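**Student:** The structure is given below, and queries will be raised subsequently.
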Amino acid sequence: MEEGGDGSQKASVTPYEEALDALSSLITKRSRADKSNKGDRFDLLFDYIKMLELEEPLSQMKIIHVAGTKGKGSTCTFTESILRNCGFHTGLFTSPHLIDIRERFRLDGVDICEEKFLAYFWWCYDRLKESTNEDVPMPTYFRFLALLAFKIFAAEQVDVAILEVGLGGKFDATNLVQAPTVCGISSLGYDHMEILGNTLGEIAGEKAGIFKHGVPAFTVPQPDEAMHVLEEKASHLDVHLQVAPPLVADLLNGMKLGLEGEHQYLNAGLAVALCSTWLQRTGHLEFNYLARASSLPEQFIKGLTAASLQGRAQIVPDRQIDIESPGDLVFYLDGAHSPESMEVCAGWFSLAIKEDSQQQNLNYQPQDNSRSSHELIQRHPGERSRKNSAQILLFNCMSVRDPQLLLPRLMKTCANHGVHFKKALFVPNLSVYYKVGSHDSLPIDSQVDLSWQFNLQRVWENLMQGNQGDAKSIDADCEEVKDATKLSVKSCENSAVFSSLPIAIKWLRDTVQQNQSIRLQVLVTGSLHLVGDVLKLVKK
C-alpha cells in the first residue's frame, strides 16, 4: 500500500497494471463490433506503421496469415509448432487471450515475458501518443495490439510470423500485411454476422480479403457457396488457391494430435500445407521431400503432436477439490461459440467422459499439479468407481449470438451419445470488455443485469421440456432464491442462473463436498471469455 497525499491508504499499481490501464483506455466499445471492424478508416493503420518506423521491417517479414470462422487459432498453433520444431525462431499473434494479455504474443511457443512486453508496449504507446492528433487519433484496442505484435516480431527478428486474423479479414488490423509468404482460410460458418454479412458467400468474401496478388493460398473443404466466392476472389488476384486435404492419422506413426477432436485433422492438414509452402517459398530446400503424401518429416510429426492450446478441448481438475478427492470435480473446457463448433464440442465432451469411465483412469494431463493422475489413483484405489458421474453445463454466450442455434445443437449431439445434463448453470462473464487485466479483486456488481442469462435459461428449459411449455409456464416452475451476494437468482428443475461465476463454482464445490457419492463433470462452453475466467479461478 502507498500513502496518498491526504494520508489515506491507496493500493500501489504495478508497472504491468499501469500498462494494462493504458491499454484499456483504447477500448472504444464493450463489443468487438465497433466501427473499426467494418473498415472505419482502415488506411490509418498505414499512418501508424510510419509513426512506429515499421514499414521496412514489415516488408522483410516472412508471414503466414490465417483467417476463418472456426479452427484458425488451432491452425496457427499447429503451424507455429511445426516450424519451431523445424528449428525456426517463431512469432505467433492470436486472439483472444484467456487469462493474460501476453498470451497473444508468443515467441518460440512461449508467452512474451513481462519485461519485454512492457518495454515494447511503452515504446509503441508513447510514440503513438506523441504523433497522433485529432485527424489521426490513437489506434483502437485491437489495432494497437496488432501494431505491437509487428513491433515485437520485428525487434525480436523472428524467422516467421504467424498471424491469426482477429475478425473477418479484409478490414482486420492484421491485414495491413501487403506481402505474406502464404495465406490460409480455415472452415467457414456463420459468426459475427452483424459485421461480416448474412450469407456464407458474404462471410467468405470478407475472409478472402487477406488474399494478396500472386501469393499462394490454401483452404479446407468448404460449403459450395463459400468455395465459389473464395475461388472467384482468388482468380481476380492471380492467387493459386488449393484445398488442403485433412491430415491422415496414419501419418503420425501411431501418435495423437496435440489438440483433441476429429475436426483437428482438418486444421492439421491446412497447417501442413501452409508450412510446406512457406518452407519452399523461403528457400529451405532441405524440406523439398514434403511433396510426398505417403510420409511426414519427423519435425512435422513432433510439431503436430506437441501442439497445445488453452481453452480448446482442455480437461482441468479443480485444484481446490482435487487435493482431497481427486477427479470429483473436473472441468471440460472448450471455447466453442458457433453452431458447428458447438456440435464438435459436444462430440468431444461425450467421448472424453466415456473414455474416462471406461478406463477408470483420470483422463487428463495434471496441469500445474505436482502429482500425476496415476499417483492420485494409487492413493484412492477403487474409490472413483463407486461414485456416480453427473454432467453439468456451465454456459454463457455473447448477446450477439443466437442461443436458439447453439443450445439445441449442443443438447442434441450430447443426447445422441447418451449424455444428458443433470443441470445447466448460466452466469455472466467476469471479463469486461472495457477493462484489460486482473479480476482477482473484482467487486461483485450488486446491480448486475442477468436478463440475458434468464433468456438463456428459458431457451434451455424449453428444450428440456420438448418445447411443450411456453415461457410463462416455465417461469412458473422456477423459484427465486438468494445467492451468496443476496442477489435474486432463478433456479428451475433443469437449470439455475447465478449472479457471478465464483458463486457458481462455489456451488459446484459445495455440491461435491456434500455428496460423497457423486463426481461432477462440468462442460464449460459458449464463450472463450467464460473459459478464460474459469481457468483463472480453478487453477489458482
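**Student:** Has region 221-240 got any residue that is open to solvent by less than 60 Å² (accessible area, probe 1.4 Å) and under 22 Å from the mean Cα position of the chain (by Cα)?
**Tutor:** yes
**Student:** Can you confirm whether Glu202 is outside any loop (DSSP other than H, G, I, E, B), modelled with pLDDT under 95 and under 20 Å from Met342 (Cα atoms)?
**Tutor:** Answer is no for this residue.
**Student:** Filter region 251-275 down to the residues that are outside any loop (DSSP other than H, G, I, E, B) and among the small types (Gly, Ala, Ser), then identify the one that is nearest to Val316 (Cα to Cα).
**Tutor:** Filtering region 251-275 for residues that are outside any loop (DSSP other than H, G, I, E, B) and among the small types (Gly, Ala, Ser), the one nearest to Val316 (Cα to Cα) comes out as Ala268.
**Student:** Can you report the number of residues in region 490-520 which are more than 24 Å from Leu405 (Cα to Cα) and not in a loop (DSSP other than H, G, I, E, B)?
**Tutor:** 16
**Student:** Would you confirm whether or not region 148-157 contains a residue that is assigned to a loop (DSSP other than H, G, I, E, B) and over 24 Å from the mean Cα position of the chain (by Cα)?
**Tutor:** Yes: one or more hits.
**Student:** Turning to a different aspect of this structure: Considering only residues that are of a type in the set (A, V, I, L, M, F, W, C) and assigned to a loop (DSSP other than H, G, I, E, B), look in region 442-456 and name the one that is modelled with the highest pLDDT.
**Tutor:** Residue satisfying both the conditions and the ranking: Leu450.
**Student:** Now a separate question. Among the residues of region 82-122, write down those that are outside any loop (DSSP other than H, G, I, E, B) and charged (D, E, K, R).
**Tutor:** Within region 82-122, Arg84, Arg102, Glu103, Arg104, Arg106, Asp111, Glu114, Glu115, Lys116 meet the criteria.
**Student:** Determine whether region 401-413 contains at least one residue that is closer than 20 Å to Leu501 by Cα and at pLDDT 95 or above.
**Tutor:** Within region 401-413 (the criterion being closer than 20 Å to Leu501 by Cα and at pLDDT 95 or above), the answer is yes, since at least one residue qualifies.
**Student:** May I ask you to list pairs of residues, at least six apart or on different chains, whose Cβ atoms are under 9 Å apart, with the first in region 107-127 being closer than 22 Å to Ile162 by Cα and among the hydroxyl-bearing types (Ser, Thr, Tyr) and the second being open to solvent by less than 70 Å² (accessible area, probe 1.4 Å) and assigned to a helix (DSSP H, G or I)?
**Tutor:** Qualifying pairs under 9 Å: Tyr120/Leu148; Tyr120/Lys151; Tyr120/Ile152; Tyr120/Ala155.
**Student:** Can you pull out the residues in region 298-323 that are part of a loop (DSSP other than H, G, I, E, B) and touching a residue at least 40 places away in the same chain (Cβ under 8 Å)?
**Tutor:** Across region 298-323, the qualifying residues are Ala307, Ser308, Leu309, Gln310, Gly311, Arg312, Ala313, Asp318.
**Student:** Being among the polar types (S, T, N, Q) and either under 18 Å from the mean Cα position of the chain (by Cα) or at pLDDT below 95 (or both) is the filter here; which residues of region 179-197 pass it?
**Tutor:** Ser186, Ser187
The values are calculated or read from the model by the stated rules, or taken from the named source; none is laboratory data. Quick caveat, the model's predicted, so the values are computed rather than measured. Neighbour counts are summed over all protein chains in view; Cβ atoms, including those assigned to glycine, are modelled from backbone coordinates with ideal geometry. What goes into the accessible areas is simple: the full protein's heavy atoms, side chains included, and nothing from ligands, DNA or RNA. Shrake-Rupley method; radii C 1.70, N 1.55, O 1.52, S 1.80 Å.
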